[in-house]
1. Could you check the stretch A:216-232 and list, in sequence order, the residues that are more than 9 Å from every other protein chain (Cβ to nearest Cβ), buried (at least 20 other Cβ atoms within 10 Å of the Cβ) and in a helix (DSSP H, G or I)?
2. Quick check on my filter: what residues within the stretch B:138-168 are among the aliphatic types (A, V, I, L, M), touching a Ser or Thr at 6+ places or on another chain (Cβ under 7 Å) and at the interface with another protein chain (Cβ under 7 Å from one of its Cβ atoms)?
3. Can you tell me which residue is nearest to residue A:70 (Cα to Cα) among those in the stretch A:295-304 that are touching a residue at least 12 places away in the same chain (Cβ under 8 Å) and within 9 Å of chain B (Cβ to nearest Cβ)?
4. Which numbered condition trips up residue A:111, out of (1) within 12 Å of chain B (Cβ to nearest Cβ); (2) in a loop (DSSP other than H, G, I, E, B)?
5. Collect the residues in the stretch B:239-271 that are hydrophobic (A, V, I, L, M, F, W, C) and under 15 Å from residue B:47 (Cα atoms), keeping them in residue-number order.
6. List the number of the failed condition for residue A:104; all other conditions in (1) surrounded by fewer than 22 Cβ atoms within 10 Å (Cβ to Cβ); (2) more than 10 Å from chain B (Cβ to nearest Cβ) hold.
7. Consider residue A:167 carefully, then state whether it is assigned to a helix (DSSP H, G or I) and among the aliphatic types (A, V, I, L, M).
8. With the structure loaded, tell me whether residue B:201 is at pLDDT 85 or above, buried (at least 23 other Cβ atoms within 10 Å of the Cβ) and in contact with a Leu (Cβ under 8 Å, 6 or more places away or on another chain) or whether it fails that test.
Amino acid sequence: MHKNAKTFAIMPGKNRSKKKRDWNELIFKTLLLTPAVLFLVVFMYYPIEETFRLSMTRSTGLGPTVFVGFQNYVRLFQNEEFLMGLKNVLRWAFWSVVIQIPFSFFIAFSLSVFKNRITKPLRVIYYLANVLPSAITAMLGRFVFAPRHGVIPSLANKFNWQWLARIDFLGDPKLAFWSIFAVATWAYCGFYVIYLMANIEQIPKDIRESAQLDGATPWQYARYIVIPMTSYAIRIVSILCIVGSMKIFDLPWLMTTGGPGYATSTLGIVLYKSGFVNWQYGRAAAVGVVIFLLSLFFTIIQFSLQRKESDL
Amino acid sequence: MRNQPTISVPLGRAYPVRSKLTEIVVTAILILLALAVILPLVLPFLFVFKTRLEYNYNPWGWPTEIRWINFIEAWRAIRIGEGLLNTFYVCLGAIACTVPTAAMAGYIFARYRTKVTEVLFYFVLAGYFVPVQMVLIPLYQLCGLLNITDTLPGLFLPMTAFGIPFWTIIYRSFFTGLPNELAEAARIDGAGHANIFFRIMLPLAKPATVLATLLVFMGAWSDYLLSLIMINSAKNYTMQLRIASFMNQYGVDHMPRYAAATIIAAAPTVILYIIGHRWIIQGTLAGALKG
């Protein structure tokens, strides 16, 4: 932006109208920045401050608020539902990175290396699932997994596979998590696929050509060229995936409302239930702070990765 | 450069050696996966034309006749017409608030860098990392104070605040990348700050504006969590809320009706996607690669 400053300096008539021009500029800048700053102060920074304050109080939104220090946080970490929610989001993050990212990488790599007339339009189909709003994804998830009437139990009945028909995908505490996870994999992989594919396609052509001249097999090409060259994108997508997992709410809430018991509870669900079902504002705010700290933690990791990358 | 080897393979197919067999196998896997994506969207059509009795008797057979009654019932239960209107209102509100605000802020951050604007930029940038979950309770209370609880503006105003940081970053990097000569020429011709911005720079930023409009629309269209908190009365329900409440009220037991609701719920998004998938994918990638 030094360029700008210089062109300002050589402008004719600068000295005479400097004061007036500066005023104009100042007014112009203020006018253009005000809406954004106002929106952020009112609907983001003030609520953030309120979240921290509320998390230190016992409040129902109606009666008096009582300052209780860190009591809400202490109680949270003794609370079974919260601990289950915390465990679930961490488990969700771990398995998303371990399953969804490599799976998406496989698809993206195959789409880019085995590009032919059939595979070329498939990318558009994969991404469709990602575009669907989560309410509809959940609806489709129930359509497939619902007991007795869902697609899977109904098919199992048709072929008389009693072992499959007996499985309750959303009602079994052990299975419910994985059923929702399967739906999420269906829904989210599309994004990772197009993102990774865009990065794979950015590998310079001469590198691809030299790999071809050396007679590299697809496996060697992936192992020695694509993975090292897109490792940055893979890491970014993994962090996005982890940060997203901390906030997961829609799918488990709509498919099982966190049940059976607390089996599919997440931090978002704990927050929603404490805040808008039990009207414990203080507790809900404390959960909000925990979500924030977890996201912040992983975001800082992302930034330190980026910094290392730019050092190279 | 002179010693560049002559390439014996046709250009444009510069990929590693691939045997025909692997290609066929991988293609087959990819097609199967694509089918798995589409199948849940197609299967409802097998059930939707049956009566409940017919479904219970023979769920997987072809329907004996085409009946529209399930569509009619599902449509009535969801009242998707009103839902679409509400959702469009929210989408337009979010676009009208987010895009100009972000464009203006992004322009100042790109073209008038001073210490103050840099500090303000970091203030905006930090907002990008705030998860909306964190502030749900105070947002709800705030809307009570502002008297916009259970109204559609009460939904799209917070939505806007959470969209502004990202789009300000995008606009800032876009305006930074624009050449300076045009604005300079206009300035010498005596154009003021406002003229330069509205007449010259903003039209040049059209790609960013198209991108922002499209993706803000998609975001507002699919939102569930904020709507769930902010909207209480059924007449203000957006599409996603109506779909969710249909799911909870009627359940899966009446499968043909549920299938009809699924089709009705998914249709607008799928149609939008079929029309605009090229821009949607390009836009998402541009946003993701820059952000």
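1. Matches in the stretch A:216-232: A:226 only.
2. Listed by number, the list holds a single entry, B:164.
3. Ranking the candidates gives A:295 first.
4. (2)
5. Taking the stretch B:239-271 as the starting set, the residues that turn out to be hydrophobic (A, V, I, L, M, F, W, C) are B:239, B:241, B:243-244, B:246-247, B:252, B:255, B:259-261, B:263-267, B:270-271.
Once the filter is applied, which keeps residues that are hydrophobic (A, V, I, L, M, F, W, C) and under 15 Å from residue B:47 (Cα atoms), the stretch B:239-271 yields B:252, B:255, B:259, B:260, B:261, B:263, B:264.
6. Result: residue A:104 passes all but (1).
7. Values: assigned to a helix (DSSP H, G or I): no; among the aliphatic types (A, V, I, L, M): yes.
Against the criterion (assigned to a helix (DSSP H, G or I) and among the aliphatic types (A, V, I, L, M)), residue A:167 does not qualify.
8. So residue B:201 does not fit the description; no.
The values are calculated or read from the model by the stated rules, or taken from the named source; none is laboratory data. The shown structure was predicted, so the numbers you read here are calculated from the model rather than taken from an experiment. Backbone-built Cβ (ideal geometry, glycine too); neighbour counts: all protein chains shown.
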